[in-house]
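The values are calculated or read from the model by the stated rules, or taken from the named source; none is laboratory data. Remember, predicted model here, so these are calculated numbers, not experimental data. Note that each Cβ is placed from the backbone with ideal geometry, even for glycine, and that neighbours are counted across all protein chains shown. When the accessible area is computed, the model is the full protein with side chains, heavy atoms only, and any ligands, DNA or RNA have been set aside. Shrake-Rupley method; radii C 1.70, N 1.55, O 1.52, S 1.80 Å.
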Amino acid sequence: MTFSKKYLLNLVLFAMVTHLSTYTAQAQSLINKAEHLYHQHQPKKAAKFYQQVLQSSVSKSDKALAAKQLAHIEGHLYKHIVQARHWTTQGLKHQHNQSRLYQNLADLEREHQQFTKGKIAARLATKSAKSKIDAFLANVTLCRIILEEQRYKLKHRQSLNKQEIKMAQGIMASITPFTPTITSTFKLQLGLALLAQDGLTLYQAWRGFFLLAQNDSPSAIMQQAHNLIQNVCAHWKGAPLNSSQAQQLFLGLFKSRLFESAQTALMLYPLSKEQKNAELKEALAYLDFIDQAQEKTFAFYTKMVSEKPASDQLMTQILPLAQKLWTKLSWSDKPQKFDLSTLRTVLEKKFGAQYALGNTNGFPSFYGGHAILDQTKSVSQYGKKGTIRFISLDGIVGNDYTGWYRKSIRVGGWARTNLFVQLRPAYATDGVPQWSRLTDPIERKKYLDKMRQQLTEDEAIAQKKPYAYLPGLQKQVAYQELKRILKDVKSKTDQSANLQLAFINYLKNLTQEVSIFIHEVRHVIDKNISTQFSSADLEYRAKLSEIALSPYPKYFFIRQVMVPSIGTQSSHGQANLRVIKNLVQWMEQNAVIIKDFNKQRPTLPQFNLLTDTQLKLALQSLDPLAPKKKQK
């Protein structure tokens, strides 16, 4: 048998293309494995795959992500800043997403108090920014480094760099009008204004931090703090404050839960012994407690990355600090013997404090915050009625381990019987990156290119793991639903109004209504029904309500269930896995009513074939509280 040269050439080319496609698919799966291990809190194993990504034929975006994650793992988790610099340099060679790589390194340099190197990296991040969100992150990081460096100098009695402070103030003044719902930018602006002794800017930043419009009044719980700040700032422009004003400023910032700024005010204007009345002494003792508690918590988390300390070890470190604080506080009928439960009640009454100490998301944790809003609302869900006390916290102390691990606030709050406590910073940036992806051409292209790449990988992932996280599907549905939400907001917004602000506010309010007054209220309802539900049971039932009762069920499915932590040992990870398994089973049992459903393909990648009505019907059929409806 003989073959033509053309036939043989085509055969060789086919083999080469097939080999290349197989190799590329294998290489692309490396980033998925690395990300999965990272989100499973296995950084050492994840790092090996990220390093393989950098040596493989994946996209530049995957290589940039791998380098960024390696820098984070080394610099934040293992505290190796030199290695973080090395991986950043490796990532920059691929000339993709350079601004984010520089910005990530700048923040790590800040964490290691390498302020000069941090400022250099932040300026390079600004210079290489190709989108508005890149420029925003770079500039905010630069200003945060400047603020922390000046606080460091103040603490060590070094001269402040007034020129840098003024420059950073100018940057923040140009940013905050375009980020009117991001409280952290106002907190940063307030800190800089304090160093500049600029009362007018400080007061306006204070109002921005509490999201107060021009004619809005502060909440009842913040009224006294507002009055103190307003009185001091009214005529304060550079001239030193007298002792009475300094005392008011400190108390105003302390009562505003702006503890770092309160400590800065103390360094600028130290209180004399004569000024330290009972209230001030207790405030100072409390500041000392939260500083030490946070320091010990984060040191414990760092240790936990490399080893597994005893689960009660964190408690044994926090308890002596609590006992010391007990001796510094006074109240009527104070017991002689220390009692942690009594102390927590006292801290709530004196400082609005709420703390979680124990296990969160499967790890020992210590974190909490301080009330800036406290209200009671009536609730109703599937015929179950009751009331819920809603407390919004800021002035966050510590973090849960999974949040510290990622350098973010991941716990949205917690529920107890008839109570939901919200950690406000967890919701602070809701709407901002989403707006950017919809309206910034560069961010949109970056997002959609990544989405298309990951959609091609989803099928292979689902073939092997039918209930796994599908990043392409997650991006596709999120983008689709956000476009729909923007369209709805646009139809309801006056043409003269700020559409960006309207969209962000709508998304924040939507998230609060669904993730708190549906999800967390369900926790309250279930805890009133039984005390026997496990944490995973509670999360499972709450997610069913959250999605089925939302006006945008697909968006909240993608936001709350289709996430990298599916199947982890945390209560959320187990609940997410259970929702997906049951939804996949429902789709297969009801394939006949799902238009274009293909039984030859894996089921989960076909999620987007579901209508809103079908998704709600599916989840309500799984919910023991929901009335059952016939399928149509």
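Principal axis analysis of the Cα atoms in segment 220-313 yields extents of 54, 30, 26 Å, listed in decreasing size. The length gained by stretching the chain between residue 230 and residue 156 to full extension, at 0.36 nm per residue less their Cα-Cα distance, is 23.7 nm. Quote the relative contact order of the chain in percent (integer), defining contacts as alpha-carbon pairs under 8 Å separated by 6+ residues. Once normalised by length, the contact order is 8 percent.
The mean sequence distance of close C-alpha pairs (under 8 Å, at least 6 residues apart), as a share of the length of segment 117-260, puts its relative contact order at 16 percent. Between residue 530 and residue 272, the contour length at 0.36 nm per residue exceeds the alpha carbon distance by 87.4 nm.
On a per residue basis, segment 171-285 carries 43 Å² of accessible surface, using protein heavy atoms and a 1.4 Å probe.
Applying 1/(1 + (r/R0)^6) with R0 = 35 Å to the Cβ-Cβ distance of residue 598 and residue 33 gives a FRET efficiency near 0.85. With the cut-off at 26 Å, tell me which of the pairs 350/385; 385/475; 60/187; 153/187; 450/487 have Cα atoms farther apart than that. Beyond 26 Å between Cα atoms: 350/385; 385/475; 60/187.
In this structure, the residue pairs whose Cα-Cα separation is over 23 Å, taken from 155/296; 377/554; 273/296, are 377/554; 273/296.
What the Cβ-Cβ distance of residue 613 and residue 464 gives, at R0 = 45 Å and to the nearest 0.05, is a FRET efficiency of 0.90. The distance between label points at residue 488 and residue 298 comes to 3.9 nm (points 7 Å beyond Cα on the Cα→Cβ vector).
Between residue 563 and residue 375, the FRET efficiency from the beta-carbon distance, with R0 = 51 Å, is close to 0.95. Between the residues 376, 432, 397, the greatest Cα displacement towards the positive end of the dipole of segment 358-496, with unit charges on the Cβ of Lys, Arg, Asp and Glu, is found for 376. Rounded to whole Å, the principal axis extents of the Cα atoms in segment 276-344 read 44, 25, 13, largest first. Distance in nm between label sites at residue 215 and residue 200, each 7 Å beyond Cα in the beta-carbon direction? The modelled label-to-label distance comes out at 2.3 nm. Taking the Cα centre of the chain as origin and assigning +1 to Lys and Arg Cβ atoms and -1 to Asp and Glu Cβ atoms, the resulting dipole is close to 1220 debye. Would you please classify the overall shape of segment 351-469 from the alpha carbon gyration tensor, given that a ≥ b ≥ c denote the square roots of the eigenvalues, rounded means a/c under 1.5, and beyond that prolate means a/b larger than b/c while oblate covers the rest? Here segment 351-469 falls in the prolate category. Here are some pairs, 281/334; 119/483; 132/616; 162/281; which of them have Cα atoms lying more than 27 Å apart in this structure? Over 27 Å Cα-Cα: 119/483; 132/616; 162/281.
For the chain, the carbon plus sulfur part of the accessible surface works out to 52%, probe radius 1.4 Å. Over the chain, dividing the summed -39,500 (n - 2.57) contributions of all DSSP H runs of at least 4 residues by the number of residues returns a 222 nm mean residue ellipticity of -20500 deg cm²/dmol. Only one of the values (1) 85, 59, 44; (2) 180, 105, 56; (3) 105, 59, 58 was calculated from this structure for Cα extents along the principal axes in Å; name its label. Structure-derived value, by its label: (3).
Ranking 495, 594, 567 by how far each Cα lies toward the positive end of the dipole of segment 478-632 (charges on Cβ) leaves 594 at the top. Over all other residues within a Cβ to Cβ distance under 10 Å of residue 94, the charged ones net out to +2, with Lys and Arg as +1 and Asp and Glu as -1. Among the chymotrypsin sites (Phe, Trp or Tyr not before Pro) in segment 264-308, none is located in a DSSP loop while being surrounded by at most 12 other Cβ atoms within 10 Å of its own Cβ.
Inter-label distance, residue 456 to residue 348: 5.5 nm, where each label sits 7 Å from its Cα along the C-beta direction. For segment 242-295, the relative contact order works out to 33 percent when only alpha carbon pairs closer than 8 Å and six or more residues apart are counted.
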